[in-house]
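Working notes for the structure below.
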Amino acid sequence: MIAILIFFFSHWFLSLFFHSFFLHRFSSHQMYTVSKNWERVIYFCTWFVQGSSFLVPKAYGVMHRMHHVYSDTEKDPHSPLFYKDVWRMMLHTARIFHGFGSGKQLPGAQFTQEYLPSWRKLDNIGHSPVTRLFFGALYVTFYIVFAPSLLWFLLLPVHFIMGPLQGAIVNWCGHKYGYCNFNNGDQSKNTSPWGILLMGELFQNNHHHAKNNANFAQKWFEFDLTYIIMRGLHSLNIIKLS
């Protein structure tokens with residue numbers, strides 16, 4: 001049981017960190033600069049920890065920029081205002097992402113003119129169904145070896161779709177539940193205490209107010225763990241905060 005819990009929470013928080021740190025705050029917003037070598041290291045770690053649910057950074061960056069421009073309108077790739085439940089919103093987002101991930105449906109210059117990290121060979125590997133099935137098989141094997149009962153196997157679907165699931169939680173809850181510090185002209189909310197548990201990502205109202213601010217926490221009771229780690233990486237000269 002301990003091995004399963006360690007594996008589950010390690011996978012959850014490592015995936016969440018690289019989702020927030022690399023896909024969101026770098027790929028989408030360039031909140032820091034980083035050398036090409038370190039970018040490749042972080043890129044690889046993002047692929048490895050997301051595994052079967054790897055989100056191609058270039059596609060993620062384009063989609064997230066669209067989300068800010070069209071926030072909570074019909075052109076928003078993942079606004080909860082137009083769906084009865086989070087699963088329908090996820091399916092809609094997945095259809096768009098699949099096109100972007102294949103590189104066939106990237107939108108116009110307004111979403112692609114800023115830097116978008118790309119590592120074509122790794123993207124092709126990570127976006128491949130074979131690779132996703134391979135990681136899924138590894139998760140299943142781990143549970144077969146270490147799970148004390150079949151009940152624990154109910155956690156496996158979370159591993160399979162962890163990246164998109166975390167994004168769905170942020171976009172659904174962050175635009176439906178919570179409080180506002182700022183009037184942004186959309187439905188973005190700060191959802192606490194889950195904003196803390198989601199490593200700062202659920203302070204959506206703060207983020208939509210100042211999209212290029214690396215610190216999503218604005219009030220004394222708000223805490224952005226991803227930003228704290230980024231400050232540490234800045235001190236180590238691995239990244240340079242903008």
Just wondering, is there one or more residues in region 138-145 that are surrounded by 14 or more Cβ atoms within 10 Å (Cβ to Cβ), at pLDDT below 95 and at negative phi?
-> no
Of all helices (runs of 4 or more DSSP H) fully inside region 1-69, the set with 1 or more residues that are modelled with pLDDT of 95 or more and among the hydrophobic types (A, V, I, L, M, F, W, C) is 2-18, 36-50
Does at least one position in region 200-216 carry a residue that is farther than 20 Å from residue 71 by Cβ, part of a helix (DSSP H, G or I), in contact (Cβ under 8 Å) with a residue 24 or more places away in the chain and not small (Gly, Ala, Ser)?
-> no
List the number of the failed condition for residue 209; all other conditions in (1) of a type outside the set (Val, Ile, Thr); (2) within 21 Å of residue 87 (Cβ to Cβ); (3) over 17 Å from the mean Cα position of the chain (by Cα) hold.
-> (2)
Residue ID - farthest from residue 76 (Cα to Cα), chosen from residues in region 185-199 that are touching a Phe, Trp or Tyr at 6+ places or on another chain (Cβ under 7 Å) and in a loop (DSSP other than H, G, I, E, B) = 199
Within region 115-150, restricting attention to residues that are charged (D, E, K, R) and within 19 Å of the chain's Cα centre (by Cα), which residue is farthest from residue 26 (Cα to Cα)?
-> 132
Of the conditions (1) crowded, with 17+ Cβ neighbours inside 10 Å; (2) free of Cβ contacts under 8 Å to residues at least 40 places away in the same chain, residue 48 fails just one. Which one is it?
-> (1)
Report yes if residue 229 is at pLDDT 95 or above, surrounded by fewer than 17 Cβ atoms within 10 Å (Cβ to Cβ) and either farther than 20 Å from residue 16 by Cβ or touching a strand residue (DSSP E or B) at 6+ places or on another chain (Cβ under 9 Å) (or both), otherwise no.
-> no
Restricting attention to region 88-100, which residues are within 25 Å of residue 57 (Cβ to Cβ) and free of Cβ contacts under 8 Å to residues at least 40 places away in the same chain?
-> 91, 92, 95, 96, 98, 99
Is it true that some residue in region 213-226 is at pLDDT below 95, touching a helix residue (DSSP H, G or I) at 6+ places or on another chain (Cβ under 7 Å), crowded, with 19+ Cβ neighbours inside 10 Å and hydroxyl-bearing (Ser, Thr, Tyr)?
-> no
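Look through 14, 23 and report the one residue that is within 17 Å of residue 169 (Cβ to Cβ) and either surrounded by 21 or more Cβ atoms within 10 Å (Cβ to Cβ) or touching a residue at least 60 places away in the same chain (Cβ under 8 Å) (or both).
Result of the check over 14, 23: 23.
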Total residues in region 217-242, condition more than 15 Å from residue 38 (Cα to Cα) and assigned to a loop (DSSP other than H, G, I, E, B) = 9
Report yes if some residue within region 33-43 is touching a helix residue (DSSP H, G or I) at 6+ places or on another chain (Cβ under 8 Å) and either free of Cβ contacts under 8 Å to residues at least 60 places away in the same chain or basic (Lys, Arg) (or both); otherwise report no.
-> yes
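The values are calculated or read from the model by the stated rules, or taken from the named source; none is laboratory data. If you're wondering where the values come from, they're calculated on a predicted model, not measured in any experiment. Backbone-built Cβ (ideal geometry, glycine too); neighbour counts: all protein chains shown.
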